[in-house]
1. Using the structure shown, decide if residue 98 is hydrophobic (A, V, I, L, M, F, W, C), farther than 28 Å from residue 140 by Cβ, surrounded by fewer than 14 Cβ atoms within 10 Å (Cβ to Cβ) and out of contact with any Cys (no Cβ under 6 Å at 6 or more places or on another chain).
2. Any residue in segment 162-181 that is out of contact with any helix residue (DSSP H, G or I) (no Cβ under 8 Å at 6 or more places or on another chain), assigned to a strand (DSSP E or B) and not hydroxyl-bearing (Ser, Thr, Tyr)?
3. Given the options 66, 47, 108, name the one that is in contact with a strand residue (DSSP E or B) (Cβ under 8 Å, 6 or more places away or on another chain) and under 24 Å from residue 130 (Cα atoms).
4. Restricting attention to segment 349-368, report how many residues are charged (D, E, K, R) and either at pLDDT 95 or above or within 26 Å of the chain's Cα centre (by Cα) (or both).
5. Name every residue in segment 20-40 that is modelled with pLDDT of 75 or more and open to solvent by less than 60 Å² (accessible area, probe 1.4 Å), in order of residue number.
6. Of the numbered conditions (1) touching a helix residue (DSSP H, G or I) at 6+ places or on another chain (Cβ under 8 Å); (2) farther than 21 Å from residue 165 by Cα, residue 385 satisfies every one except a single condition; which is it?
7. I'd like the full set of residues that are under 18 Å from residue 117 (Cβ atoms) and under 25 Å from the mean Cα position of the chain (by Cα), limited to segment 130-152.
8. Residue 45 versus (1) at pLDDT below 95; (2) surrounded by 19 or more Cβ atoms within 10 Å (Cβ to Cβ); (3) over 30 Å from residue 298 (Cβ atoms); (4) of a type outside the set (S, T, N, Q): which is the lone unmet condition?
Amino acid sequence: MYLTGRLPLLVALGAVPVALLSIAGVNAWLSAAAWVLACTAAALADVAAAPDPRRVAVERRMPRRVLLGQSVAAEVVLRNDGTRTVRGRFRDAWQPTAGALGDHPAIVIPPGESRTFGIPLVPRRRGELASRFVVVRSDGPLRLAGRQARIDAPGTIRVLPPFTARRHLPSRLARLRELDGNTSVQVRGQGTEFDSLREYVRGDDVRSIDWRATARAGTTMLRTWRPERDRHVVIVIDTGRTAAARVGDGVRMDAAMEAALLLAALAARAGDHVHLLMFDRVVRARVTRVDGPGLLPALVDAMAPVEPQLIDTDWDAAFAQLSTLASRPSLVVLMTAQDAAEAARGFLGSLPALTQRAHVLVGTVTDERPPTPERPDAADVYHAAAVERSARDAAVVAAAIGRAGAEAIADTPDALPPKIADRYLALKAAGRL
């Protein structure tokens with residue numbers, strides 16, 4: 001049972017007649033006790049007369065997936081299977097990060113009828129959001145008290161990464177079309193494959209003339225080439241403790257996901273095969289052998305429930321997993337944070353074996369440097385010194401990555417995704433991928 005605000009108001013209203021009776025000589029304590037007992041009896045009678053809320057059936061209608069920060073309406077359908085009209089309120093028990101409003105909608109459901117209520121949600125956290133039950137309150141006829149029941153009605157929504165780096169995709173696709181499709185190259189080289197034949201025009205390289213096609217066509221024909229397709233691009237996202245560091249408005253792993261999604265979308269349009277591995281000491285997410293329009297949905301669905309783990313990453317085991325994705329990867333992109341020489345020893349020790357088999361990019365998300373005040377105090381000086389020390393350590397690790405045969409790319413969360421995409425296009429244009 002539960003009590004409404006009307007009951008204490010009714011008890012308070014009884015203070016007036018109790019005061020009048022005490023003036024008339026009646027014992028005030030006995031009058032007050034009698035009034036409280038009468039109000040209690042009325043509340044109990046109201047509870048007994050309230051319809052049974054357990055006769056209310058609950059059905060949910062909601063999307064299975066939604067992007068982080070996107071508003072969505074989760075519908076709750078309440079059906080009255082009883083014989084009396086249910087009046088009261090209900091509450092949908094979403095977890096706080098779902099962003100549901102805190103109000104409790106009023107309900108009036110006649111027997112055998114249904115009512116649909118929309119619960120607006122604005123998710124604030126990536127992953128699985130759940131509501132396990134609905135609480136229904138049924139008021140009594142006097143609205144002094146009522147009956148309450150918890151009705152199990154599980155519902156979940158998977159909140160996907162927002163992919164805000166999508167805004168960089170059109171410009172990169174335009175550059176990709178210049179490399180592959182609309183503009184073919186004349187000179188064959190490493191990383192290119194035969195594209196088509198066209199008529200010779202003045203200024204073309206005579207070494208690209210196809211004499212057999214020329215004899216068949218009766219006019220001079222030229223071979224053209226394009227960047228090679230069907231290459232294997234493997235993206236590895238470190239989910240260890242360094243991925244949990246706060247950078248900007250989120251953590252490093254969120255920015256790494258944005259870079260991975262942009263690169264995957266670009267590589268898929270280029271005709272390459274994309275593989276994803278999220279790893280610390282065990283595989284947290286894995287996407288392979290998915291091409292075409294289903295690639296991005298598979299990636300975001302696999303990324304959504306993964307959270308950083310406060311453990312060190314086993315890089316030997318991570319690199320061993322790469323062979324299960326692609327036997328001969330052309331490009332391996334490692335999204336990790338290696339900014340301290342002491343902590344990066346294991347990573348640097350395992351890296352040379354990988355660089356011998358593939359071209360390796362190491363992407364690191366860094367925070368923007370705070371502006372230095374005009375008149376710094378002691379705290380500002382120490383903070384600036386710490387920032388410079390961190391930058392120096394990161395430069396040392398980046399140099400070691402370069403000596404191991406890989407390329408280190410570091411930038412802010414907003415700038416890193418397009419920077420990695422540009423490097424992928426540069427490798428394509430140079431015929432190294």
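The values are calculated or read from the model by the stated rules, or taken from the named source; none is laboratory data. Since this is a predicted model, take the numbers as computed values, not measurements. FYI the Cβ positions are ideal-geometry reconstructions off the backbone, even for glycines, and counts take in every protein chain you see. Only protein heavy atoms, including side chains, enter the accessible area calculation; ligands, DNA and RNA are left aside. Shrake-Rupley method; radii C 1.70, N 1.55, O 1.52, S 1.80 Å.
1. no
2. Among the residues of segment 162-181, not one is out of contact with any helix residue (DSSP H, G or I) (no Cβ under 8 Å at 6 or more places or on another chain), assigned to a strand (DSSP E or B) and not hydroxyl-bearing (Ser, Thr, Tyr), which makes the answer no.
3. The conditions single out 66.
4. 2
5. Within segment 20-40, 31, 32, 33, 34, 38, 39 qualify.
6. The single condition residue 385 does not satisfy is (1).
7. Within segment 130-152, 131, 132, 133 meet the criteria.
8. Going through (1) at pLDDT below 95; (2) surrounded by 19 or more Cβ atoms within 10 Å (Cβ to Cβ); (3) over 30 Å from residue 298 (Cβ atoms); (4) of a type outside the set (S, T, N, Q) one by one, residue 45 breaks only (2).
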